[in-house]
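Enquirer: Before anything else, here's the structure in question.
The values are calculated or read from the model by the stated rules, or taken from the named source; none is laboratory data. Computed from a predicted structure; not experimentally measured. A quick note on method: Cβ atoms are made from the backbone with ideal geometry, for glycine too, and the neighbour counts reach across all protein chains shown. SASA here: full protein model, heavy atoms, side chains in, ligands and nucleic acids out. Shrake-Rupley method; radii C 1.70, N 1.55, O 1.52, S 1.80 Å.
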Amino acid sequence: MATTLKNATFSLPGELLDALKKHVHDLQLPSVNHVVREALESRVKELEQEKLRQAMEQAARDPAFLKDVEECMADFRHIDREGL
């Protein structure tokens, strides 16, 4: 599946960009763009995991959600015991 690429302009501290370029050169990495893309993908994944953690934390305090989970566990209790 092909990914559609879009250009974006960001401002970074000069020292950070210089250090990044040096690492790309010294470590023979594909490109500055590649490293920035990997870093952003990693950060977005962290943010999505944090969002999920917060949603689960909120659900753990929701009586209706907890009741649904309890009912679901009761419905499948006999199936769960079959594996034992």
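Enquirer: Residues to consider are 29, 40, 20, 47; find the one that is modelled with pLDDT of 95 or more and either outside any helix (DSSP H, G or I) or touching a strand residue (DSSP E or B) at 6+ places or on another chain (Cβ under 9 Å) (or both).
Expert: From the options 29, 40, 20, 47, the qualifying one is 29.
Enquirer: Among the candidates 28, 49, single out the residue that is surrounded by 10 or more Cβ atoms within 10 Å (Cβ to Cβ) and polar (S, T, N, Q).
Expert: 49
Enquirer: Using the structure shown, decide if residue 69 is open to solvent by less than 70 Å² (accessible area, probe 1.4 Å) and part of a helix (DSSP H, G or I).
Expert: yes
Enquirer: Further question on the same structure: Regarding residue 8, is this residue part of a loop (DSSP other than H, G, I, E, B) and open to solvent by less than 100 Å² (accessible area, probe 1.4 Å)?
Expert: The answer is yes for residue 8.
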